Amino acid sequence: MKDFHSQSALDYLPKQKLQELQWQRLQTVLKYTYQNVPWYRERLKEKGVTPHEIQSLEDIAKLPFIVKTDLRDTYPFGLFAAPLKNVVRFHASSGTTGKPIVVAYTQNDIDVWQEVVLRALVSYGIHEGDILHNAYGYGLFTGGLGLHYGGEALGVTVIPMSGGNTERQVMLMRDFGVTLFSGTPSYFLHILDKAQQMGVDLRKLPLRAGAFGAEPWSEAMRCKIEELAGIKAYDIYGLTEIAGPGVAAECSCQCGSHIFEDHFYPEIIDTETLEPLPDGAEGELVFTTLTKTGMPLIRYRTRDITCLISEPCSCGRTLRRIKRISHRSDDMFIIRGVNVFPGQIESAFLSVEGTVPHYQIILTREKDLDNIEVLVELTSEKFGDTIRSLENLRQTIARKIESTIGIRVTVRLVEPNTVPRSEGKAKRVQDLRSL
Ligand code: ADP
Ligand code: ZN
């Protein structure tokens, strides 16, 4: 197997060297995509741009964007740059509506992906001898195989659990002496509940870290997970279109995820004007894949909202970081004219003692007026309190949420284990307004 270990050195390249590498790779990928993807040639022609006009990294802003619907419109193979005989694997994003998005991987792309996942695991302090319990779904979804191959490349023992059968997950975590967990934060919370019911205290197991991603999660959620499981909970970010998990990952400082920008060149744009924004400003994350050959994407709009952090990180990595993804531009809902995203509500109520990170947001409309109801689950101890103290708690939570999002909400406290659990990405919002 290819040795990817030395690649971690790329995390520490001096800024100028990194930019030189990016520039060299950008020229190659642009030329390659222009030559091999007729759709892309057409797109550039329409916009009146040729690859020769791109004379520096900054010139990337002259190129048109690629958006999710472009991937749907060219379904299934319209954006492939490599011949099918060189495509060794497909993945597809779940695509809640209509056709999925199909991504082609050449062996080179699989190698790039393994390398970045390995670098992510190294930055969490994982090494040979660690045992990875991989609860990301296996299949077309990238989570499972992404962590699997990256873990193996590092020399970690990988347990290909996938999601589901939660009781067995707890049993194996205990019996196999698992040291690292990977999966969605919402599923891990479900595992934590189950462990408690089974009388297994995760804090007493060798488990010391988790790689959590595939869905937005708040800092408050991180604190709960770290406290309840006695582990370090690290963020891992990625998306199928660009590779899968491992596009960016936290280091031990837990202050933003380093982007593996020698492979994935990031930009932040203003969602209204579509102009590039400086580091530090919040906007939509855009990626250009610098080394992929199966389906390279130039200026792909992720719809994820964050900002780039270029200040040095105390871990010594020179790769820029992204702030925790606060939301996806399409996750946001508008209620009585106010833009709200689920993470704001999550952060607000989780700061109140007695709540657990299981919740649902239900949007309804009555006589043209939007209503928002938040179902918040309580701990068993709290649920046994007097009616008066529960009512006080309910009001405290409502006030917290109201002061965060600026509108009144109805809070309903619900019994432990009643909010539906997810085995993959959690679905927090039920919008019943259009029904
Ligand atoms: P789908 O598009 O079907 O949801 P993907 O796995 O490709 O399937 O989803 C990628 C998206 O998941 C990202 O664009 C982002 O919105 C979200 N995501 C992935 N990792 C994280 C993370 N660590 N924090 C927040 N959101 C994340
Ligand atoms: Zn760092």
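The numbered conditions (1) within 25 Å of the chain's Cα centre (by Cα); (2) modelled with pLDDT of 95 or more are all true for GLY78 except (1).
For SER56, the test of being away from ligand 2 (no atom under 16 Å from the Cβ) and either in contact (Cβ under 8 Å) with a residue 60 or more places away in the chain or not assigned by TED's automatic domain parsing to the domain that holds GLN16 (or both) is failed.
Could you look through region 243-256, keep only residues that are within 13 Å of ligand 1 (Cβ to nearest atom) and part of a loop (DSSP other than H, G, I, E, B), and pick out the one that is farthest from the chain's Cα centre (by Cα)? Top of the filtered list is GLN254. Is there a residue in region 362-374 that is in contact with a helix residue (DSSP H, G or I) (Cβ under 8 Å, 6 or more places away or on another chain), open to solvent by less than 10 Å² (accessible area, probe 1.4 Å) and modelled with pLDDT of 90 or more? The answer is yes; a qualifying residue exists.
Would you confirm whether any residue within region 202-215 is within 11 Å of ligand 1 (Cβ to nearest atom) and out of contact with any helix residue (DSSP H, G or I) (no Cβ under 9 Å at 6 or more places or on another chain)? Looking for residues that are within 11 Å of ligand 1 (Cβ to nearest atom) and out of contact with any helix residue (DSSP H, G or I) (no Cβ under 9 Å at 6 or more places or on another chain), one finds none in region 202-215, hence no. Residues that are among the hydroxyl-bearing types (Ser, Thr, Tyr) and over 31 Å from the mean Cα position of the chain (by Cα) do occur in region 366-388.
Residues satisfying the criterion are absent from region 304-318 (criterion: in a strand (DSSP E or B) and away from ligand 1 (no atom under 16 Å from the Cβ)).
For region 225-234, the candidate set comprises residues that are touching a residue at least 12 places away in the same chain (Cβ under 8 Å) and open to solvent by 40 Å² or more (accessible area, probe 1.4 Å); within that set, the residue that is farthest from ligand 1 (Cβ to nearest atom) is GLY230. Please determine whether any residue of region 257-272 is small (Gly, Ala, Ser), more than 15 Å from ligand 1 (Cβ to nearest atom) and either in the same structural domain as VAL37 (by TED's automatic domain parsing) or surrounded by fewer than 23 Cβ atoms within 10 Å (Cβ to Cβ) (or both). Taking every residue of region 257-272 in turn, none turns out to be small (Gly, Ala, Ser), more than 15 Å from ligand 1 (Cβ to nearest atom) and either in the same structural domain as VAL37 (by TED's automatic domain parsing) or surrounded by fewer than 23 Cβ atoms within 10 Å (Cβ to Cβ) (or both). None of ALA214, ALA153, ALA209 is open to solvent by 20 Å² or more (accessible area, probe 1.4 Å) and under 30 Å from GLU241 (Cβ atoms) except ALA214.
Of all the listed residues (LYS232, LYS224), the sole one being within 16 Å of ligand 2 (Cβ to nearest atom) and either at positive phi or of a type in the set (Lys, Arg) (or both) is LYS232. For region 140-161, a residue qualifies if it is of a type in the set (Gly, Ala, Ser) and either in a loop (DSSP other than H, G, I, E, B) or at pLDDT below 95 (or both), and exactly one does: GLY155. Right, ARG41: open to solvent by 70 Å² or more (accessible area, probe 1.4 Å), charged (D, E, K, R) and in the same structural domain as ASP175 (by TED's automatic domain parsing) or not? So ARG41 fits the description; yes.
The values are calculated or read from the model by the stated rules, or taken from the named source; none is laboratory data. What you see is a predicted model, and the numbers here were worked out from it, not measured in a lab. Heads up, the Cβs are rebuilt from the backbone with ideal geometry, glycines too, and the neighbour counts pull from every protein chain shown. The accessibility values were calculated without ligands, DNA or RNA, using every heavy atom of the protein model including side chains. Shrake-Rupley method; radii C 1.70, N 1.55, O 1.52, S 1.80 Å.
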